[in-house]
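What follows is a set of notes on a single structure, which appears directly below.
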Amino acid sequence: MDLKRVVNSVYNEIKPSIGKGKVADYIPALANIPINKFGIAVKTNDGNIYSAGDINEPFSIQSISKVLLLTLAMDFIGDDIWNRVGREPSGNPFNSLVQLERENGIPRNPFINAGSLVITDMVISHSNDAKKLLLDFVRNLSNNPSVNYDFEVAQSEKEHGFRNAALANFMKSYGNIENQVELVLDYYFHHCSLSMSCIDLVNTFSYLANSGIDVNSGKRILSKELNQRVNSLMLTCGLYDAVGDFAYRVGLPAKSGVGGGIITVVPNEMIIAVWSPGLDKVGNSVIGIDALEKFVKLTNKSIF
Ligand code: GLN
């Protein structure tokens, strides 16, 4: 398969739609991101990268960071994480509070905000300097020492993150947050603010498509079994309450963020990163999903 041609075709087909959707403005620092951006990068398990568009421009990865935190927590704690967080799709918006009370402060899955706050809390409990731990982890995987938190975005979300504060406090009341709520929120806002490009993302997440082994270094990041499970969770919970539609249209494990990025795994073959900041109502990149749908049509790479 000529992936260079495929990626260029996807880019050319998507080009007329660039600008569709609405930039996330509930985090004020994200409201000014130009909407007319689009990038796609594909990294195969043999280490080749195929790309088109704005692939070197860093953007706010937002909820894509939840995969990094889950990876760290699974590696530290293993299956015990499921005592404090579920693994079912929520069918609700990513920042919803409604299920939490009925389900006694146990969030549905690690990819909605409540679930990621619990995972974030676990990582804090298992490290002396959680921010440094994550930064070292991402810089190594991306092979890019300049990857960093965007402190302006983190601060902006901190000033406006009332819902996340509500979720964390509510779970604390059920005893499902161990550390101080302020500490957990601070770390959560920082990991969401990580600023990375499509190229950084395919380098960082290559292990997801490669049985848990980082493609560049050959280093094992997760056991084969745990890696499989992260992929399963991405398939069932990675795009919030649009996960069914995404499975129908694309049929691959993926994780989106309100910065407009989506990482998508073709198991045992390749990892794809797309970015375009215009979002749909659910909070997923409109033309990012269009691009992935076109990619799968051209390559027949859905897992189904
Ligand atoms: N930091 C964002 C929030 O908590 C992440 C949400 C997302 O990317 N879907 O609202």
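VAL184 passes every criterion in (1) within 15 Å of the ligand (Cβ to nearest atom); (2) among the β-branched types (Val, Ile, Thr); (3) farther than 30 Å from GLN99 by Cα apart from (3). Annotation: of all residues in the stretch 148-160 being free of Cβ contacts under 8 Å to residues at least 60 places away in the same chain and buried (at least 17 other Cβ atoms within 10 Å of the Cβ), the one that is farthest from SER116 (Cα to Cα) is TYR149.
How many of the residues making up the stretch 244-266 are in a helix (DSSP H, G or I), within 15 Å of the ligand (Cβ to nearest atom) and touching a Phe, Trp or Tyr at 6+ places or on another chain (Cβ under 9 Å)?
The total comes to 0.
Suppose we keep only residues that are open to solvent by 60 Å² or more (accessible area, probe 1.4 Å) and either modelled with pLDDT of 95 or more or on the phi > 0 side of the Ramachandran plot (or both) within the stretch 13-32. Which one would you say is nearest to the chain's Cα centre (by Cα)? Within the stretch 13-32, the match that is nearest to the chain's Cα centre (by Cα) is LYS22. For the stretch 240-280, filtered to residues that are of a type in the set (Asp, Glu) and closer than 20 Å to PRO93 by Cα, the residue that is surrounded by the fewest Cβ atoms within 10 Å (Cβ to Cβ) is ASP245.
Among the helices (runs of 4 or more DSSP H) contained in the stretch 35-129, which hold 2 or more residues that are surrounded by fewer than 20 Cβ atoms within 10 Å (Cβ to Cβ)? Give the derivation first.
Details: elements: 65-77, 98-102, 113-125.
The helices (runs of 4 or more DSSP H) meeting that bar are 65-77, 98-102.
A Cβ distance below 7 Å, combined with a sequence gap of six or more or placement on separate chains, defines the contacts here; from the stretch 183-200, residues that are in a helix (DSSP H, G or I) reach residues that are acidic (Asp, Glu) in the pairs VAL184/ASP121; PHE189/GLU157; CYS192/GLU157.
Suppose the filter is open to solvent by less than 90 Å² (accessible area, probe 1.4 Å), closer than 25 Å to MET74 by Cβ and not acidic (Asp, Glu); does VAL184 pass it? Here the answer is yes, as VAL184 does meet what is asked.
Taking ILE112 as the residue in question, decide whether it is touching a Leu at 6+ places or on another chain (Cβ under 6 Å) and either at pLDDT below 95 or among the hydrophobic types (A, V, I, L, M, F, W, C) (or both). Let's see the steps before the verdict.
Values: touching a Leu at 6+ places or on another chain (Cβ under 6 Å): no; either at pLDDT below 95 or among the hydrophobic types (A, V, I, L, M, F, W, C) (or both): yes.
Considered against the rule, which asks whether it is touching a Leu at 6+ places or on another chain (Cβ under 6 Å) and either at pLDDT below 95 or among the hydrophobic types (A, V, I, L, M, F, W, C) (or both), ILE112 comes out as no.
Under the condition of being assigned to a helix (DSSP H, G or I) and near the ligand (Cβ under 10 Å from one of its atoms), which residue from the stretch 161-177 is surrounded by the fewest Cβ atoms within 10 Å (Cβ to Cβ)? Selected residue: ARG163.
Tell me which residues, restricted to the stretch 281-291, are farther than 20 Å from ASN12 by Cβ and either in a strand (DSSP E or B) or open to solvent by less than 10 Å² (accessible area, probe 1.4 Å) (or both).
First, the residues of the stretch 281-291 that are farther than 20 Å from ASN12 by Cβ: 281-284.
Listed by number, the residues that qualify are GLY283, ASN284.
Each residue in the stretch 88-116 was checked for being within 16 Å of the chain's Cα centre (by Cα), closer than 19 Å to LEU72 by Cα and not β-branched (Val, Ile, Thr), and 7 pass.
The values are calculated or read from the model by the stated rules, or taken from the named source; none is laboratory data. The model shown is predicted, which means the values in this text are computed figures rather than measured ones. Cβ sites come from the backbone with ideal geometry, for glycine too, and all protein chains shown count toward neighbours. Ligands, DNA and RNA are excluded from the accessible area calculation, which covers all protein heavy atoms including side chains. Shrake-Rupley method; radii C 1.70, N 1.55, O 1.52, S 1.80 Å.
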